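S.K.: Structure in structure tokens, see below.
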Amino acid sequence: MLDWDDLRFFLALARHGTLSAAARVLHVSQSTVGRRLNSLEATLAVRLLNRTPEGYVPTLAGEEVRRKAECLEAEALALERDVTGRDIRLRGLVRVTCAETLAAQILAPSFGELHARHPDIMIELIPNPRELSLAMREADIALRLRQPEQHDLVVRHIGDIAFGVYATHEYLRDRGALDFDDGCCGHRLITQLDDTQEMTPSTWITDMAARATVVLQTSSHEAAVLAAANGGGLACLARFRGDAEPRLTRLPVPTEPPSAEILLLVHKDNRDTPRIRVVLTHITDTIHALASILQPRDAAEEIGRERAG
């Protein structure tokens, strides 16, 4: 008899291409993913995925199974969202995904207060630069800094994050003052990878310091903070992190770095589920309470002038 769980494992492997990637999404071991694939292929008596140097690729039979399995998945998820939406209890699991720095520095410290009021709500906090699917219940709530590509979402702008350019005193002593007219020749840059959901506006800093040398790229904002704090170079960082790091100095620049909007996302079918609404309200209140840190007054005034213009 066909096992739906085997189909779920097959879909994850077909989508992500490797055992390790599928295992991360499913929160299981690689061997479990492989075992489930073997079970499904044995049940259907057909090979569904071919292993290639680029990863697992569906066979013709695998493509057919994938199409039908995705239809079943969509129906199951719709049913799950409908049932979840009718749950009036303030208890149960709520999955929240966001960038690493937001998770560690903003949300995680705030959840103690949430649990004091609602001890039966359990938070699963998922720091992930990848845009997890709210429709597929990979997460219930997302906090992002760019507009989502997913549909059927309710999106609210709940705050802004200001940025600045930072380096250590020792770095500036050794490398000299910044000359933006000369493109910061002779300086080193720490930037973030373009495909990340994390926070640093790397395009802005690389344009401003066009003659500087990029010595480190990272998908982690925290890694960029620590690299700069240990003299690794110039970095454009969220001010709530850069200002709080005693080894870093915020540097004057000809134009202020672009800010980032903080967007709160939830699937339209889940927004009225009581436990999810409680967490949405808590996150919104947390961001509002930290507004003066996330966007200091001088940065807020600069953004106001830009929007007025």
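The values are calculated or read from the model by the stated rules, or taken from the named source; none is laboratory data. Note that the structure is a prediction, hence the values are computed from the model and not measured. Glycine also receives a Cβ, built like all others from the backbone with ideal geometry; neighbour counts cover every protein chain displayed. With ligands, DNA and RNA removed, areas are computed over all heavy atoms of the protein, side chains included. Shrake-Rupley method; radii C 1.70, N 1.55, O 1.52, S 1.80 Å.
S.K.: Viscosity 1.306 mPa s, temperature 10 °C: Stokes-Einstein D of the chain from its Kirkwood Cα radius, in µm² per second? Mind showing how you got there, number by number?
M.R.: Working: Rh = 21.9 Å.
This corresponds to a translational diffusion coefficient of 72 µm²/s.
S.K.: Can you tell me how region 157-291 classifies by the Cα gyration tensor, rounded, prolate or oblate, using a/c under 1.5 as the rounded cut? Present the calculation step by step, with values, prior to reporting the outcome.
M.R.: On the way: a/c = 2.68, a/b = 2.35, b/c = 1.14.
It is prolate, given that a/c is not under 1.5 and a/b is the larger ratio.
S.K.: Rounded to whole Å and sorted largest first, what semi-axes of the equivalent ellipsoid does the C-alpha gyration tensor of region 1-110 yield via the square root of 5 times each eigenvalue?
M.R.: Each semi-axis is the square root of five times an eigenvalue, giving 31, 20, 12 Å.
S.K.: Return the FRET efficiency for the residue pair R297, E73: r is the Cβ-Cβ distance, R0 is 51 Å, and the value is rounded to the nearest 0.05.
M.R.: Working from the Cβ atoms, E equals 0.60.
S.K.: A further question on this structure: Restricting to the chain, compute how many DSSP beta bridges are antiparallel as a %, nearest 5. Spell out each step's value before the answer.
M.R.: Details: 23 of 40 bridges.
Beta bridges within the chain, antiparallel portion: roughly 60 percent.
S.K.: Have a look at region 131-179 and give its Rg and Dmax from the Cα atoms, expressed in angstrom.
M.R.: Here Rg and the maximum Cα pair distance are 19.2, 52 Å.
S.K.: Could you rank M208, M136, M122 by how accessible they are, 1.4 Å probe, largest area first? Write out the running numbers ahead of the final one.
M.R.: Numbers: M208 40, M136 65, M122 105 Å².
Per-residue accessible area, sorted high to low, gives M122, M136, M208.
S.K.: Which value does Rg/Rh take for region 1-63 over its C-alpha atoms, Rh per Kirkwood? Please list the in-between numbers first.
M.R.: Working: Rg = 10.6 Å, Rh = 11.4 Å.
Value, to two decimals: 0.93.
S.K.: Order 228-239, 24-35 from most to least packed using the mean count of other Cβ atoms within 10 Å. Walk me through the numbers on the way to the answer.
M.R.: Details: 228-239: 23.7, 24-35: 15.2.
My ranking of the peptides, most packed first, is 228-239, 24-35.
S.K.: Along the Cα→Cβ direction, 7 angstrom out, place labels at D5 and D181. What is the inter-label distance in nm?
M.R.: Spacing of the two 7 Å Cα→Cβ label points: 6.9 nm.
S.K.: While we're on this one: If Lys and Arg each add +1 and Asp and Glu each add -1, what is the summed charge of the other residues whose beta carbon sits under 12 Å from the beta carbon of G183? Each step should come with its number before you reach the end.
M.R.: Values: positive: R211; negative: D179, D181, D182, D207.
The answer is -3.
S.K.: Given Cα pairs under 8 Å that are at least 6 residues apart, what percent is the relative contact order of the chain? Write out the running numbers ahead of the final one.
M.R.: On the way: 516 pairs, mean separation 61.7, N = 309.
20 percent.
S.K.: Okay, next question. How big is region 138-210 in terms of Cα radius of gyration and Dmax, in angstroms?
M.R.: Over region 138-210's Cα set, Rg and Dmax evaluate to 17.1, 52 Å.
S.K.: Let me ask another. Please say if region 48-181 is rounded, prolate or oblate, where rounded means a/c under 1.5 for a ≥ b ≥ c the square roots of the C-alpha gyration tensor eigenvalues, and otherwise the choice is prolate for a/b larger than b/c and oblate otherwise?
M.R.: On the way: a/c = 2.74, a/b = 1.38, b/c = 1.99.
It is oblate, given that a/c is not under 1.5 and a/b is not larger than b/c.
S.K.: While we're on this one: What does the highest-first list of 247-256, 138-147 look like by mean Cβ count within 10 Å? If you can, show how the numbers build up before the last one.
M.R.: Numbers: 247-256: 14.3, 138-147: 19.5.
Averaged packing, sorted descending, gives the order 138-147, 247-256.
S.K.: What does the helix-only formula give at 222 nm for the chain: each DSSP H stretch with n ≥ 4 adding -39500 (n - 2.57), the total divided by the residues, and the result rounded to the nearest 500 deg cm²/dmol? Write out the running numbers ahead of the final one.
M.R.: Values: 12 runs with 131 residues, N = 309.
So the calculated ellipticity at 222 nm is -13000 deg cm²/dmol.
S.K.: Here's another thing I want to ask about it. For the chain, which DSSP H helices look membrane-span-like by this rule: Cα extent along the axis of 30 Å or more and mean Kyte-Doolittle of at least -0.5? Write down the numbers at each step before the final one.
M.R.: Values: long enough: 60-85 (38 Å, -0.32).
What comes out of the filter, once short or polar helices are dropped, is 60-85.
S.K.: Still on this structure, please answer the following. How much length would be gained if the chain were fully extended between T203 and R35, taking 0.36 nm per residue of separation minus their Cα-Cα distance, in nm to one decimal? Could you put the intermediate results ahead of the total?
M.R.: Values: separation 168, 0.36 × 168 = 60.48 nm, distance 4.37 nm.
Here the segment from T203 to R35 would lengthen by 56.1 nm.
S.K.: Another question, if that's okay. Looking at the square roots a ≥ b ≥ c of the eigenvalues of the Cα gyration tensor of region 175-249, which shape do they give, rounded for a/c under 1.5, prolate if a/b is larger than b/c, or oblate?
M.R.: Oblate is the answer for region 175-249, as a/c is 1.5 or above yet b/c matches or exceeds a/b.
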